[in-house]
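The numbers here are math on the coordinates, done by the rules we state, and not lab data. Keep in mind it's a predicted model, so treat the numbers as computed, not measured. No Cβ is skipped: glycine too gets one built from the backbone with ideal geometry, and neighbour counts run over all protein chains shown.
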Amino acid sequence: MQTGFTFSKLADHLASLGDVTVDDLDILAEMPSTIAHFSSHQAILRHGDEGHQCCLLLQGYLSWQDAEGTDGQITSISVPGDIADLQTLYRPRIHGNLVALGPAVVALVPHRFFRELSVRSPAISRTLLLMLLGDHAMQRNWTINLGSRDALTRVAHLLCEITTRLQNVGLSKDFRLSLPFTQSDLAATCSISPVHANRTIQELRRCNLVQWHGKTLTISDWPGLVRLARFDPAYLGFRSRDQGARSMQLQPAKGAVAPA
């Protein structure tokens, strides 16, 4: 498989979800894109827009935010390798605001490329569907997080999820994350006040579970954080990186004859 800045994390994400060949992923090298840089809290899409391209996140974080509320409730967070608005392939009208959390780099990819890609590669068509279903699974889990967990558990669960999603695309292997969230961002994600968010982070520090210095978060005790959050990553639908690599090796390339 070729490597390239604009699609390598997307390739990692797709391979973690389903069986794709190296040739399937090499099609991504043909991806037409416009690279865009966004500053912290800059809007990429606004409620009511009509989408005609997808936002593939290359660096940083993006968030969907409630467009009608006054508190900027964050309803989801995208990490590198995510297509933040994949649903616009099927429903182009934008609901909510897509906003950068900290500086972000995005590849803007025309819808037609993903439609053509799905025709050329049934395997990638299926994994894109699995990616969309994974987004829905995360939404259900966020509902549970807000509805039945206390503030400490909410924050711990969010940190576990983001770490796992970053590791799935080869980032934060050492449990060190670049996390340019403000306390207000964390509060808007976990539906608590900024003061409560600060107290919650201080409690995680006192328990020696995390260290948060500036824009860098280090998880000091991953098993302890997982226990506190009661975090089970199964809902994310990821296979292990080794499993994904084995799948690509075992899948015959296009034109090859599968062994009898």
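A few remarks follow.
- Folded to 0 to 90 degrees: helix 122-148 orientation relative to the chain principal axis, Cα: 10 degrees
- In the chain, the calculated helix contribution to ellipticity at 222 nm averages -13000 deg cm²/dmol per residue, counting -39,500 (n - 2.57) for every DSSP H run with n ≥ 4.
- Difference of contour (0.36 nm per residue) and Cα-Cα distance, residue 178 to residue 89: 29.0 nm
- In the set (1) 29, 23, 16; (2) 32, 22, 15; (3) 42, 19, 16, the label that goes with semi-axes √(5λ) of the Cα gyration tensor in Å computed for this structure is (2).
- Counting other Cβ atoms within 10 Å as a rough exposure proxy, the listed residues 215, 173, 9 run 173, 215, 9 from fewest neighbours to most.
- Computed lengthening from residue 42 to residue 66, 0.36 nm per intervening residue step minus Cα-Cα distance: 7.2 nm
- This model, with +1 at the C-beta of Lys and Arg and -1 at the C-beta of Asp and Glu, gives the range 99-187 a dipole about its Cα centre of some 300 debye.
- Label sites at residue 235 and residue 216, each approximated as a point 7 angstrom past Cα along Cα to Cβ, lie 3.2 nm apart.
- Put in line by how crowded their Cβ is, counting other Cβ atoms within 10 Å and starting with the fewest, 78, 125 read 125, 78.
- Relative contact order (%) - the chain, alpha-carbon pairs under 8 angstrom, separation at least six: 24 percent
- Residues 235, 61, 90 arranged by fewest to most Cβ contacts within 10 Å: 90, 235, 61
- Dipole magnitude of the range 8-250 about its Cα centre (Cβ charges: Lys, Arg +1; Asp, Glu -1), debye to nearest 20: 480 debye
- Selection from 42, 197, 139 lying farthest towards where the dipole of the chain points positive, charges on Cβ: 197
- Once the Cα atoms are used to define both axes, helix 151-168 deviates from the longest principal axis of the chain by about 30 degrees.
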